[in-house]
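Below is one structure, written out as structure tokens; comments come after it.
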Amino acid sequence: SRWIRKPDDEYYPFGYAIFEPILNLGKGLLMLVICLFALVSAIIAILEGGYTVSAGIAVWYALIAATGCMAIAIIQRKLAQKSGSPLLEVDAQSWFIDGLLSGAVALAFIIVMFLDKTPLAPFIPYADPTLVIVLVLAAGSMPLGIIKSNWYQVVGRADESNLNAQAIALIEPILVAEALTHYHLRQGRLGRLVYVQFYFVISPDRVLNLI
């Protein structure tokens, strides 16, 4: 975070902002790998007949882990909104996914405790992998969104937000005051930095007046 705020120098004439989306792209890929690993492991477990889940003290560990992860995710989310830091935003989503997976384990333990010695007991081995599959599919869009957004920034693709409309709204008083025949807008995002370039073509009469 300190590094990306360094000013430009002879080695990086445009600054260090590019490293923020590169880092977040790597984190998004890592989150996706974790989700895919959990998904494949759960599918294999179901195909092999599930596995026995022993509750006991493990349920408390899973609950504490899930609660801790969610608490950190909420705190980081609020700090990210306050500071505008993409690093914190991605980290908050990472903690949220960790919390979901820990919550799935805790819920599986609780289901085991309630279904044990009931007619549904034969389904207990499938509880944990089934919950993991459901939660991974529900949360899978998060790492995909992180990867997509930061990949676009790294390769210099135009931002998909409403930056164009915001920039035009800010510059509109000038557009109205000047005799413009055409204008062109280019914008891009690098982490928390937004670059906007306006190209104006003014009328020949206006050029003569300026001369």
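Bear in mind that the values in this text are calculations on the coordinates, not laboratory data. These numbers come from a predicted model, not from an experiment. Cβ: placed from backbone, ideal geometry, glycine included. Neighbour counts: every protein chain shown.
So the values come out like this:
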item	result
Degrees, to the nearest 10: 127-139 long Cα axis against longest axis of the chain	10 degrees
Crossing angle, helix 58-83 versus the chain [Cα axis fit, 0-90 degrees, rounded to tens]	10 degrees
Euclidean distance between Cα centres, the stretch 114-134 to the stretch 1-77, Å	27 Å
P(r) weight above 19 Å for the stretch 1-73, C-alpha pairs, percent	66 percent
Nearest-ten-degree value, helix 163-177 long axis tilted from longest Cα axis of the chain	20 degrees
Inter-label distance for F114 and A169, nm, one decimal - labels placed 7 Å from Cα along Cα-to-Cβ	4.7 nm
Computed magnitude of the charge dipole of the chain (debye, nearest 20; Cβ of K, R +1, Cβ of D, E -1)	240 debye
Most mobile listed residue (A169, A108, A65) in the chain, GNM with C-alpha springs under 10 Å	A169
Label-point separation, Y11 to Y199 (7 Å along Cα→Cβ), nm	3.4 nm
Cut-off 14 Å between beta-carbons: net charge of the residues surrounding M70, Lys and Arg +1, Asp and Glu -1	0
Rounded D (µm²/s) - the chain, Kirkwood Rh over Cα pairs, Stokes-Einstein at 25 °C, 0.890 mPa s	117 µm²/s
Loop-resident sites, the stretch 27-130, for trypsin sites (Lys or Arg not before Pro), counting at most 12 other Cβ within 10 Å (DSSP)	K117
For the stretch 87-103, 3J(HN,Hα) per residue [Karplus equation, 6.51 cos²θ - 1.76 cosθ + 1.60, θ = phi - 60°, Hz, x = Gly/Pro]	4, 5, 4, 5, 5, 4, 5, 5, 5, 5, 5, 4, x, 4, 5, 5, x
Cα pair distances of the stretch 23-112 binned at 5 Å [whole percent]	3, 14, 17, 20, 19, 12, 8, 5, 2, 0
The chain: calculated mean residue ellipticity at 222 nm from DSSP helix runs of at least 4, using -39500 (n - 2.57)	-22000 deg cm²/dmol
Rounded FRET efficiency, nearest 0.05, which uses the C-beta distance separating V40 from W60 and R0 of 35 Å	0.80
